[in-house]
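*Asks:* Sharing a structure with you now.
The values are calculated or read from the model by the stated rules, or taken from the named source; none is laboratory data. All of these numbers come straight from a predicted model, not from anything done at the bench. A quick note on method: Cβ atoms are made from the backbone with ideal geometry, for glycine too, and the neighbour counts reach across all protein chains shown.
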Amino acid sequence: MTELRLTDTDGYTVPGTATEVTDDTADTVRAYLLNEVAPEHAAEWADFGYDPRSYRIT
């Protein structure tokens with residue numbers, strides 16, 4: 001199993017996004033984190049310049 005985590009603009013892990021995945025589910029989880037979780041988190045912190053395009057999966 002592999003662990004994926006969404007990291008924000010400053011390189012911190014977005015709380016609740018560290019997830020263990022299999023090879024079969026990795027692409028689905030990656031897409032969910034980048035397309036749904038990142039925009040929500042960035043919107044919460046928009047006053048500080050967060051942009052969902054700057055988020056990464058590590």
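Every residue, every condition in (1) assigned to a helix (DSSP H, G or I); (2) loosely packed, with under 10 Cβ neighbours inside 10 Å; (3) modelled with pLDDT of 95 or more; (4) not aromatic (F, W, Y), yes or no:
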site: E3; (1), (2), (3), (4): no, yes, yes, yes
site: D27; (1), (2), (3), (4): yes, no, yes, yes
site: R30; (1), (2), (3), (4): yes, no, yes, yes
site: L34; (1), (2), (3), (4): yes, no, yes, yes
site: A38; (1), (2), (3), (4): yes, no, yes, yes
site: A42; (1), (2), (3), (4): yes, no, yes, yes
site: Y50; (1), (2), (3), (4): no, no, yes, no
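*Asks:* Another question, then. For the range 2-58, how many residues are in contact with a helix residue (DSSP H, G or I) (Cβ under 7 Å, 6 or more places away or on another chain), without any contact (Cβ under 8 Å) to a residue 40 or more places away in the chain and of a type in the set (A, V, I, L, M, F, W, C)?
*Replies:* 3
*Asks:* Can you pull out the residues in the range 1-30 that are hydrophobic (A, V, I, L, M, F, W, C) and under 9 Å from the mean Cα position of the chain (by Cα)?
*Replies:* Passing the criteria: L4, L6, V14, A18.
*Asks:* Would you confirm, using the coordinates I've provided, whether T9 is surrounded by 10 or more Cβ atoms within 10 Å (Cβ to Cβ) and either modelled with pLDDT of 95 or more or among the aromatic types (F, W, Y) (or both)?
*Replies:* Against the criterion (surrounded by 10 or more Cβ atoms within 10 Å (Cβ to Cβ) and either modelled with pLDDT of 95 or more or among the aromatic types (F, W, Y) (or both)), T9 does not qualify.
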